[in-house]
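Undergrad: My structure is below; once you've seen it, I'll send some questions.
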């Protein structure tokens, strides 16, 4: 299949069917921990990178397959090979998928476009949104996510605050921790301040667990993870 992968066993979602809305590495970031490798050509323009009609044909075929009938996924996740909110037709795809199935729909996003009102509006019919927030200051943001120069972490945080007010579903705020970049205890308190403003349903601490774009990327020590979890409070969990 070109647009659908899995279902795969997800550390966060159980059995999850993935759908990509972009070709490989169409993204606004070049994260040091990305399992898809480096991104030499970052983009922020929203357009129809893939035709949702083609995605839906493949998805309908999956729903009619013996595999689906024998072992249906617990979630459908919009994530894939790039940043899904870059596809300008994401709201149309969400609407069509929800007509075809009652399986909960999850959006996994790097949050980079949530400063735009239209980008937020386009995803409000999802059931769960898992937005990333790997940094809360410009220096760490540029070190870990390596964004396009016009994307500012302050705008992302404000976009997430606005999303919480507009979105009626669940928000699980994901923080990818990389050793010696964003895993200090002082920085954990900065994360806490931002998270209190965003008010997600959960905070999920994640660590690099597969191949990464940069070979030097390492996860924090287990003891440090537990300390950060304690700082972030009862909403926080470690993804294992």
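Undergrad: Is it true that some residue in the stretch 53-66 is under 28 Å from residue 135 (Cα atoms) and either touching a residue at least 60 places away in the same chain (Cβ under 8 Å) or buried (at least 18 other Cβ atoms within 10 Å of the Cβ) (or both)?
TA: Going residue by residue through the stretch 53-66, those that are under 28 Å from residue 135 (Cα atoms) are none.
No, because not a single residue in the stretch 53-66 is under 28 Å from residue 135 (Cα atoms) and either touching a residue at least 60 places away in the same chain (Cβ under 8 Å) or buried (at least 18 other Cβ atoms within 10 Å of the Cβ) (or both).
Undergrad: Let me ask something additional. Does residue 71 satisfy being out of contact with any strand residue (DSSP E or B) (no Cβ under 6 Å at 6 or more places or on another chain), in contact (Cβ under 8 Å) with a residue 60 or more places away in the chain and more than 30 Å from residue 182 (Cα to Cα)? Walk me through it before giving the result.
TA: Working: out of contact with any strand residue (DSSP E or B) (no Cβ under 6 Å at 6 or more places or on another chain): yes; in contact (Cβ under 8 Å) with a residue 60 or more places away in the chain: yes; more than 30 Å from residue 182 (Cα to Cα): yes.
Yes: the conditions hold for residue 71.
Undergrad: Check every one of the helices (runs of 4 or more DSSP H) wholly within the stretch 115-202 and list those with 3 or more residues that are over 22 Å from residue 36 (Cβ atoms). Let's see the steps before the verdict.
TA: Values: elements: 117-121, 138-144, 153-166, 185-198.
It comes to 117-121, 153-166, 185-198.
Undergrad: Yes or no: residue 140 crowded, with 20+ Cβ neighbours inside 10 Å and under 26 Å from residue 43 (Cβ atoms)? Show your work before the answer.
TA: Numbers: crowded, with 20+ Cβ neighbours inside 10 Å: no; under 26 Å from residue 43 (Cβ atoms): yes.
It is false that residue 140 is crowded, with 20+ Cβ neighbours inside 10 Å and under 26 Å from residue 43 (Cβ atoms).
Undergrad: Could you tell me whether any residue of the stretch 82-105 is more than 24 Å from residue 148 (Cβ to Cβ), assigned to a strand (DSSP E or B), touching a strand residue (DSSP E or B) at 6+ places or on another chain (Cβ under 9 Å) and touching a residue at least 40 places away in the same chain (Cβ under 8 Å)?
TA: Looking for residues that are more than 24 Å from residue 148 (Cβ to Cβ), assigned to a strand (DSSP E or B), touching a strand residue (DSSP E or B) at 6+ places or on another chain (Cβ under 9 Å) and touching a residue at least 40 places away in the same chain (Cβ under 8 Å), one finds none in the stretch 82-105, hence no.
Undergrad: Enumerate the pairs (first residue in the stretch 1-12 and free of Cβ contacts under 8 Å to residues at least 40 places away in the same chain; second residue anywhere and assigned to a strand (DSSP E or B) and surrounded by fewer than 17 Cβ atoms within 10 Å (Cβ to Cβ)) with beta-carbon separation below 7 Å, excluding pairs fewer than 6 apart on the same chain, so at least 6 apart or on different chains.
TA: 9/15
Undergrad: Say we look at the stretch 67-81 and pick out the residues that are in contact with a helix residue (DSSP H, G or I) (Cβ under 7 Å, 6 or more places away or on another chain) and assigned to a strand (DSSP E or B); which of these is surrounded by the most Cβ atoms within 10 Å (Cβ to Cβ)? Talk me through it step by step, then tell me what you get.
TA: Filtering the stretch 67-81 down to residues in contact with a helix residue (DSSP H, G or I) (Cβ under 7 Å, 6 or more places away or on another chain) leaves 68, 76, 78.
Checking the rest, the ones that are also assigned to a strand (DSSP E or B) come to 76, 78.
Working: 76: 27, 78: 24.
Here the answer is 76.
Undergrad: Looking at this structure, is residue 203 at pLDDT 95 or above, buried (at least 21 other Cβ atoms within 10 Å of the Cβ), touching a strand residue (DSSP E or B) at 6+ places or on another chain (Cβ under 6 Å) and under 18 Å from residue 107 (Cβ atoms)?
TA: Yes: the conditions hold for residue 203.
Yes/no per residue for (1) over 18 Å from the mean Cα position of the chain (by Cα); (2) surrounded by 16 or more Cβ atoms within 10 Å (Cβ to Cβ); (3) modelled with pLDDT under 95; (4) closer than 30 Å to residue 102 by Cα:
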site: 127; (1), (2), (3), (4): no, yes, no, yes
site: 146; (1), (2), (3), (4): no, yes, no, no
site: 167; (1), (2), (3), (4): no, yes, no, yes
site: 171; (1), (2), (3), (4): no, yes, no, yes
site: 175; (1), (2), (3), (4): no, yes, no, yes
site: 189; (1), (2), (3), (4): yes, no, no, no
site: 209; (1), (2), (3), (4): no, no, yes, no
site: 212; (1), (2), (3), (4): no, yes, yes, no
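Undergrad: Which residue pairs have Cβ atoms closer than 6 Å, lie 6 or more positions apart in sequence or on different chains, and pair a first residue in the stretch 148-174 that is free of Cβ contacts under 8 Å to residues at least 24 places away in the same chain with a second residue that is not in a helix (DSSP H, G or I)?
TA: Close Cβ pairs (under 6 Å, with a partner that is not in a helix (DSSP H, G or I)) amount to 153/135.
The values are calculated or read from the model by the stated rules, or taken from the named source; none is laboratory data. Given the structure is predicted, the values throughout are model-derived calculations rather than measurements. Neighbour counts run over all protein chains shown; Cβ positions are idealised from the backbone, glycine included.
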